[in-house]
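A.B. asks: Sharing a structure here in structure tokens format.
Read-outs: derived from the displayed coordinates by stated rules, not from any lab. Predicted model only: the values in this text are computed from it and were never measured. We place every Cβ from the backbone using ideal geometry, glycine too, and count neighbours over all the protein chains shown.
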Amino acid sequence: MLIALHPGSFDPPTLGHLDLVLRGRKLFDRLHVVVGVNSRKSPLFSAAERVDLFRASLEADGIHDVEVHAWDGLTVELARRLGASVLLRGLRQVGDFEAEQSIALMNRRLAPEIETVYLPCREEHLGLTSTLVRDIARMGADVSPFVPVPVALALRDRFKGKT
């Protein structure tokens, strides 16, 4: 059985993240989404909220076979724990590859049995980042073209009265 992890901060989950999961489900027998806790970032949503948002987004699309976890540690350690042999990562632009390659090389040193697989994003998701979505929502604009419905509602509630 080929098991993959799709790690990220997902603050918040976007349609690009969801698309990558939908495509990954076709490539792997099991797929886990891993909401990472990054001490270098100040997230808008807590890890538990991001897990709930990703789960709600998947459920809204009728997807029930993808597990979503929060994790505060080395991704390769969780991969080993779950029996995963692949880390699934998305690439939007050239700069993403450079950053992702650095992480993949370190993961290979830590866990040579785990491979990193990159999928390019679809054209409609080029340039789509959680940071931009947060900024757009913070300014009171409509983010529904960029995020699943549960995320758009959560962003609206989070920034209600702050514009």
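A.B. asks: Return a whole-number percent for the relative contact order of region 72-129, with Cα pairs under 8 Å and 6 or more residues apart as the contact set.
C.D. replies: For region 72-129, the relative contact order is 45 percent.
A.B. asks: Still on this model: Enumerate the residues in region 56-75 having an amide nitrogen under 11 Å from the point lying 7 Å beyond the Cα of Ile103 toward its Cβ.
C.D. replies: 75
A.B. asks: Report, by chain and number, residues whose modeled amide H sits under 5 Å from the one on Glu115, excluding near sequence neighbours (fewer than 5 apart, same chain).
C.D. replies: Excluding prolines and chain starts, which carry no amide H, the hits are Val86, Leu87.
A.B. asks: Can you sort Thr131, Thr14, Thr116 by how many other beta carbons sit within 10 Å, fewest first?
C.D. replies: Arranged by neighbour count, lowest to highest, Thr131, Thr14, Thr116 become Thr131, Thr116, Thr14.
A.B. asks: Sticking with this structure for a sec: Return the sequence-ordered ³J(HN,Hα) values of region 140-150 in whole Hz as given by the Karplus equation 6.51 cos²θ - 1.76 cosθ + 1.60 applied to θ = phi - 60°, using x for Gly and Pro.
C.D. replies: Computed from phi, the couplings for region 140-150 are x, 8, 6, 9, 4, x, 10, 9, x, 3, x Hz.
A.B. asks: Same structure again: Could you check the spin-label model distance between Arg81 and Ser42? Points 7 Å from the Cα along Cα→Cβ, value in nm.
C.D. replies: Modelled inter-label distance: 2.9 nm.
A.B. asks: Could you list which residues have their amide H under 5 Å from that of Glu67, counting only those 5 or more apart in sequence or on another chain, with H placed in the peptide plane?
C.D. replies: Result for Glu67 returns Leu31, Val33.
A.B. asks: Answer with one residue from Ser46, Ser144, Ile63: the one whose Cα lies farthest towards the positive end of the charge dipole of the chain, charges on Cβ with Lys, Arg +1 and Asp, Glu -1.
C.D. replies: Looking along the dipole axis, the top candidate is Ser46.
A.B. asks: Another question, if that's okay. Would you mind ranking Val37, Val66 by Cβ crowding within 10 Å, fewest neighbours first?
C.D. replies: Starting with the residue having the fewest Cβ neighbours, the order is Val37, Val66.
A.B. asks: In whole Hz, with x marking every Gly and Pro, tabulate ³J(HN,Hα) for region 99-105 from phi via Karplus 6.51 cos²θ - 1.76 cosθ + 1.60, θ = phi - 60°.
C.D. replies: Those phi angles translate into 5, 5, 4, 4, 5, 4, 5 Hz.
A.B. asks: Same structure, new question: Which whole-angstrom value gives the distance between the alpha carbon centres of region 90-159 and region 1-48?
C.D. replies: That distance is 9 Å.
A.B. asks: Another one. HN-Hα J couplings of region 17-30 from phi, Karplus 6.51/-1.76/1.60, θ = phi - 60°, integer Hz, Gly and Pro as x?
C.D. replies: Rounded to whole hertz, the list is 4, 4, 4, 4, 5, 4, 6, x, 4, 7, 9, 10, 5, 9.
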